[in-house]
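Visitor: One structure coming up, written as structure tokens, with questions to follow.
The values are calculated or read from the model by the stated rules, or taken from the named source; none is laboratory data. Note that the structure is a prediction, hence the values are computed from the model and not measured. Virtual Cβ from ideal backbone geometry, glycine too; neighbours counted across all protein chains shown.
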Amino acid sequence: ARLQTVHQETNPKFHALLTRFFETTGCPLLVNTSFNVRGEPIVCTPADAYHCFMATHMDILVIGNYLLIKDEQPDQSSADLDSYLGAFPLD
């Protein structure tokens with residue numbers, strides 16, 4: 001792992017998000033990981049991101065200035081979700 005810092009001057013929106021996260025949780029840091037499901041390529045486009053978001057157990061997706069809440073998206077059955085997740089082997 002490597003430490004990455006965020007400065008208000010160079011990335012004000014992300015800095016504000018992290019500051020609010022700290023104020024809400026009391027935790028001053030976040031851990032990140034690649035954006036993909038095991039066995040699937042890493043997300044490269046907004047369409048990839050939306051597909052992965054809708055087919056997994058994520059609650060919220062932020063792309064640029066857009067915040068997507070899963071409960072506000074068109075319905076996707078739990079069978080579709082389980083089928084999608086089951087298509088990728090565990091590590």
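Visitor: Only one of Thr45, Thr24 is farther than 30 Å from Gly86 by Cα, loosely packed, with under 12 Cβ neighbours inside 10 Å and out of contact with any His (no Cβ under 6 Å at 6 or more places or on another chain). Can you tell me which? If you could, list the steps in order and put the result at the bottom.
Guide: On the way: Thr45 fails: farther than 30 Å from Gly86 by Cα.
Result: Thr24 is the single residue among Thr45, Thr24 that is farther than 30 Å from Gly86 by Cα, loosely packed, with under 12 Cβ neighbours inside 10 Å and out of contact with any His (no Cβ under 6 Å at 6 or more places or on another chain).
A quick yes/no check of all residues on (1) surrounded by 13 or more Cβ atoms within 10 Å (Cβ to Cβ); (2) outside any helix (DSSP H, G or I); (3) basic (Lys, Arg); (4) more than 18 Å from the chain's Cα centre (by Cα):
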| site | (1), (2), (3), (4) |
| --- | --- |
| Thr5 | no, yes, no, yes |
| Leu17 | yes, no, no, no |
| Arg20 | no, no, yes, no |
| Leu29 | no, yes, no, no |
| Ser34 | no, yes, no, no |
| Gly39 | no, yes, no, no |
| Tyr50 | yes, no, no, no |
| Met58 | yes, yes, no, no |
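Visitor: Looking at (1) at pLDDT below 90; (2) in contact with a strand residue (DSSP E or B) (Cβ under 6 Å, 6 or more places away or on another chain), which is the only condition Leu61 fails?
Guide: Result: Leu61 passes all but (1).
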